[in-house]
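The values are calculated or read from the model by the stated rules, or taken from the named source; none is laboratory data. Everything numeric in this text was worked out from a predicted model, so none of it was measured. Every residue, glycine among them, receives a Cβ derived from its backbone with ideal geometry; neighbour counts consider all protein chains shown.
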Amino acid sequence: MKVLILSINYWPEVTGIGAFTTYRAEYLARSGHDVEVCTSFPYYPEWRVPKEYAGKFALTEEHNGVKIVRSYLYVPNPVTAARRILHEASFIFSCTLRALMRRRPDVLLVVSPPLGLAATAILLSRVWRVPFVFDVEDLQPDSASDLEMLPAWAIKLLYKLENAAYRNARLVTTLTASMKNKIVGKGIPREKVEVLEPRMDDSMTTLLKEEGREFRRRYGLGEKFLVTHSGNMGVKQGLEVILNAAALNRADDSLLFLLVGDGADRKRVQQRAKELGLPNVRFLPLLDEDDFRGLLSASDVCLVSQQKGVTEIAFPSKIVTYLAAGRPIVASVNPQSEVARIIEKSGAGMIVEAEDAAGLLAAIRELRIQDPAAMGENGRRHARERWSAVPVLGHMEQCLSAVAGSAIGSIMKEGVSQ
């Protein structure tokens with residue numbers, strides 16, 4: 001099977017959509033399929049193209065059996081709504097041109113956001129007469145509407161494009177059952193929507209205590225009770241609640257809030273922490289693999305935070321990593337969200353209302369005097385049962401093969417009828 005993947009994010013990006021798309025593409029390549037990815041130059045979550053890729057308009061390379069076809073995109077910094085529209089539009093235009101020059105695949109896998117890639121998918125699908133799978137990692141129109149990120153006319157346009165994507169796709173896939181229900185609620189037949197859950201990194205289940213001790217030594221963390229948030233620092237994460245919780249606990253120098261990663265909102269959050277004068281908050285950049293393992297091993301509690309309006313529009317991949325690593329979790333989220341349901345079902349931590357700093361701090365303090373290791377083990381067990389790599393990625397491969405097979409079957413029928 002020849003698979004062409006369209007995704008704005010890919011390796012060497014290590015968070016969010018880039019990580020998702022990379023492990024899926026590499027699994028397909030290892031399974032013997034011919035895989036190409038049309039993507040951009042890496043920029044996320046720093047919103048900055050690294051030196052080795054800067055100044056290029058197109059590049060083709062190969063990594064772990066996957067052919068990577070990169071094309072230009074405009075990278076804004078700072079990120080605003082208007083600049084983000086231009087950012088996505090630049091990639092959609094350049095990606096479309098690059099993709100049209102590729103060899104005809106058996107199936108297209110199109111990753112959203114950006115939702116605008118749906119237009120490219122529909123065009124390529126009609127030109128090549130091949131089906132496409134539309135993979136929804138974030139319900140972008142709902143995000144823009146709930147968080148008031150765009151004017152009404154732009155949101156209306158996004159909903160029209162979303163509807164066109166769902167109608168023209170052979171299969172629509174998404175991350176969770178609740179996101180599937182949201183899509184079905186938009187009038188899409190249930191049998192046309194499939195859940196492709198994230199896979200956990202199986203190596204995270206075997207963290208060593210020594211890795212955590214070495215991390216603490218390297219960063220001078222001593223024996224502090226370490227409460228960490230890692231990954232993207234964007235608007236949806238609502239990181240202000242962590243700073244406010246830290247402000248309420250500023251007199252306790254035995255507890256440290258550690259915010260690790262980067263994103264469009266990092267500079268503002270750092271400036272806010274400085275204004276509040278928080279000695280119990282520390283920032284670290286994105287970490288390499290060894291340091292990230294050390295971070296997780298060293299963490300006493302891991303945090304997930306979201307704004308109140310975020311429920312079924314996205315799913316933070318960090319929740320899978322935290323559970324696989326056996327870390328107890330405190331989640332400041334909407335109680336109706338998928339994150340809250342997973343933590344409740346797994347018994348891996350505690351849930352507090354989104355944007356409730358006092359509640360967040362109270363939950364951290366309660367976990368500190370309880371036995372967080374038991375909660376962590378509950379999470380690891382849940383992760384192994386639900387997100388182990390082989391069944392999760394095997395299901396993804398089966399879905400793509402079924403779509404490609406149905407297309408080949410329909411072509412053969414047309415040939416016979418002629």
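Side notes on the structure shown:
- Evaluation of LEU278 against (1) under 21 Å from the mean Cα position of the chain (by Cα); (2) under 20 Å from ALA358 (Cα atoms) (one fails), failing number: (1)
- Restricting the stretch 211-222 to residues that are more than 26 Å from the chain's Cα centre (by Cα) and either at positive phi or touching a residue at least 12 places away in the same chain (Cβ under 8 Å) (or both) leaves a set whose member that is surrounded by the fewest Cβ atoms within 10 Å (Cβ to Cβ) is GLY220.
- Applying the set (1) under 25 Å from the mean Cα position of the chain (by Cα); (2) modelled with pLDDT of 95 or more; (3) exposed (fewer than 13 other Cβ atoms within 10 Å of the Cβ) to LEU171 leaves exactly one unmet item: (3).
- So ARG384, is it touching a strand residue (DSSP E or B) at 6+ places or on another chain (Cβ under 9 Å) and touching a residue at least 24 places away in the same chain (Cβ under 8 Å): no
- The set of residues in the stretch 52-90 being over 18 Å from LEU157 (Cα atoms), in contact (Cβ under 8 Å) with a residue 60 or more places away in the chain and surrounded by 13 or more Cβ atoms within 10 Å (Cβ to Cβ) consists of LEU73, VAL79.
- Residue among LEU196, LEU157 that is touching a residue at least 12 places away in the same chain (Cβ under 8 Å) and either assigned by TED's automatic domain parsing to the domain that holds LEU393 or under 23 Å from GLY16 (Cα atoms) (or both): LEU196
- Options LEU284, LEU296, LEU258; residue that is over 22 Å from ARG199 (Cα atoms), touching a helix residue (DSSP H, G or I) at 6+ places or on another chain (Cβ under 9 Å), crowded, with 20+ Cβ neighbours inside 10 Å and at pLDDT 95 or above: LEU258
Here is a yes/no grid of residues against (1) at pLDDT 95 or above; (2) not hydrophobic (A, V, I, L, M, F, W, C):
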| residue | (1), (2) |
| --- | --- |
| PHE57 | no, no |
| VAL69 | yes, no |
| TYR74 | yes, yes |
| ALA81 | no, no |
| PHE91 | yes, no |
| THR96 | yes, yes |
| ALA119 | yes, no |
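- VAL136 crowded, with 19+ Cβ neighbours inside 10 Å, β-branched (Val, Ile, Thr), under 25 Å from GLU197 (Cβ atoms) and in contact with a helix residue (DSSP H, G or I) (Cβ under 6 Å, 6 or more places away or on another chain): no
- Any hit, the stretch 363-381, residues being at pLDDT 95 or above, outside the structural domain of LEU108 (by TED's automatic domain parsing) and crowded, with 20+ Cβ neighbours inside 10 Å: yes
- Taken together, GLY16, GLY32 contain a single residue that is within 20 Å of PRO114 (Cα to Cα) and among the small types (Gly, Ala, Ser), which is GLY16.
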